[in-house]
1. For residue 286, all conditions in the list (1) farther than 27 Å from residue 150 by Cβ; (2) among the β-branched types (Val, Ile, Thr); (3) touching a Gly at 6+ places or on another chain (Cβ under 8 Å) hold save one; what is the number of the exception?
2. Tell me which residues, restricted to segment 547-582, are over 30 Å from residue 4 (Cβ atoms), exposed (fewer than 14 other Cβ atoms within 10 Å of the Cβ) and charged (D, E, K, R).
3. Across segment 561-593, what is the number of residues that are among the β-branched types (Val, Ile, Thr) and over 19 Å from residue 21 (Cα atoms)?
4. Can you confirm whether residue 555 is of a type in the set (D, E, K, R), within 17 Å of residue 461 (Cβ to Cβ) and in a helix (DSSP H, G or I)?
5. Pairs needed: first member in segment 293-314, over 19 Å from residue 389 (Cβ atoms) and surrounded by fewer than 14 Cβ atoms within 10 Å (Cβ to Cβ); second member anywhere, among the polar types (S, T, N, Q) and at pLDDT 80 or above; C-beta distance under 9 Å; at least 6 residues apart or different chains.
6. How many residues are aromatic (Phe, Trp, Tyr) and in a helix (DSSP H, G or I) when one looks only at segment 1-29?
7. Quick test of your reading of the structure: residue 70 fulfils all but one of (1) modelled with pLDDT under 85; (2) of a type in the set (Ser, Thr, Tyr); (3) surrounded by 13 or more Cβ atoms within 10 Å (Cβ to Cβ). Name the failing condition by number.
8. Under the condition of being touching a helix residue (DSSP H, G or I) at 6+ places or on another chain (Cβ under 9 Å) and of a type in the set (A, V, I, L, M, F, W, C), which residue from segment 150-165 is nearest to residue 317 (Cα to Cα)?
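The values are calculated or read from the model by the stated rules, or taken from the named source; none is laboratory data. Remember, predicted model here, so these are calculated numbers, not experimental data. Note that we place each Cβ from the backbone using ideal geometry, even for glycine, and neighbour counts take in every protein chain shown.
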Amino acid sequence: MQNSFPLWKNLFIVLVLGLGLLYALPNIYGDDPSVQISSTRSTQLNEDQRDLIEKTLSAQGITAKAIEFSGDRILVRLENLDDQIKAADYLKVALGRGFTTALNLAPATPAWLRAIAAEPMYLGLDLRGGVHFLLEVDMDAAVKQAEERYVGDIRGALRAEKIRYASIAKVNDFVQVKLKSEVDAANAKAVLGTEFRNLKLSDGKELFVIEARISIDEKTQIKKFALAQNMTTLRNRVNELGVAEPIIQQQGDARIVVQLPGVQDTTRAKEILGATASLEFRMVDVKHDVQLAAKGKQTIGSRLYHERNGQPILLKRQIIVTGDQIVDASSGLDQNNSAAVYITLDGIGAKKMGRTTRDNIGKPMAVVFIENKVETRIANGKKVRHKEKLEEVINVATIQGVFSKRFQITGLDSTTEARNLALLLRAGALAAPIEIVEERTVGPSLGQDNIDQGTLSVMVGFALVLVFMAFYYKVFGLVANVALAFNLIIIVALLSMIQATLTLPGIAGIVLTVGMAVDANVLIFERIREELRNGNSPQASIYAGYEKAFGTIFDANITTLLVALVLFGFGTGPIKGFAVTLSLGIMTSMFTAIMGTRMMINLIYGKQRVKRLSL
């Protein structure tokens, strides 16, 4: 028969509609106001903390809907926002500094839906809320780091040319090179002028001294590179966090805006983005007395550090390899089942490490972990931002043999710390330290008006289309209305399945889709009317209407889809959100407006000999 689908096609359409309903379902359950407790690097969560949380909440008369323990965090689900804020304050005091608490919104999706990976879609900062960071790049530190690198590079260049020097050190804003003779000074100036064209060379006040300064143009390039590399690094770190559609934008010459809409773990986001973690590999100074250095005696060429147990250790100032020469890092267990991080170096780092280990077999080498943090503390009733730089030796090992490109470091407290360190190193070293100058957690109440207005716009547009189609096309219009409802359901289901972030522009794309979806049915129905006016039978008119209108519908939707793809490719942030919902709406409307309505029309008229269509 002309107007009938084979069984498999009907079953396929029903299956798609059923899956759409199933995966759109999690969005009706909403969120639970929650408090998320995470451990710091040196402590671990266990059942004792869970018991303490229950006792603290019970003593304050706060009832928790659920307390979920997952090893590295505890999620406390509460009844309302007031209980959430109170619980966070009480738990912060009760748990102490070893733990961090963060306000969160946890999806209230039932377990049976979570078991089939049915999760609600994320809402953007303007709808659901999330985390907003304004980060500032320390440009002076970027220049200082470049000067420190030039110290090592100049030393290597002079050694390669066998030019004798007394010392090479960074002094104020330049690198000071002291030579031993006039001949050495002349040779050194020629070598440095050839190999380091970005340095401005001048004679020092003392005899046989060269002062090398970074040029103004080079400083400008260093700062631009630091900002660009930090943005790339932050983008990689956000990708590691698995945040959907993050916004990472440059603001001014030294600041970066990071927005994480719908982020589920705000504490971890702050730790990963705010921390400036890197590694330095240094040789241990075994010639000088570490106890004298600990009492304040200066040691030339070495610097005092401390191990995790508080023991002082003396390390040479010369850095072998730094974190920016690490190309890959992964966590795992060593042969003793202890936490370890496996490091892979780039070509330059591998050469340095190979040369160092070859010349120092039997000597100890240390791994220094460096982390810059900025904390806001209350002092005299005012918020004071406090900078803290943590430098500690996490591993000291004797060099047993030559290694270069790939090796492992141990001495970490836990596998969690190993994973976090590997994540930071794998995401890339920051070219310069960053600090959080503004941190804002946007609550859902701020976006409630946007949610209400966006929902109202969809409902009003949907209702107007329903009334028009039912009045103007009668039975066929009702069929189109059913298809339109399923179209919205499938869009929501797809957004949920791909874990996209819905924003106000995304809602605008859905509203536009509502109008565009019925365009296809209008074309089909008008074509059927034209066939009827030409004297064709109702069955033949239905068949011809769908067949002949398809080409026009396809062409119109393809051109719109191309525009949406261009918007997605070249747009940023909200524009991408609009492009995503518009693209999905075009594809789903093609399915529901053509195949969905055709199946229902076939079921109504396909097996009947009718003289007139309700059109």
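1. (3)
2. Answer for segment 547-582, where residues must be over 30 Å from residue 4 (Cβ atoms), exposed (fewer than 14 other Cβ atoms within 10 Å of the Cβ) and charged (D, E, K, R): there is none.
3. Going through segment 561-593 one residue at a time, the tally reaches 5.
4. No, not satisfied.
5. 301/318
6. Total satisfying the criteria: 3.
7. (3)
8. 154
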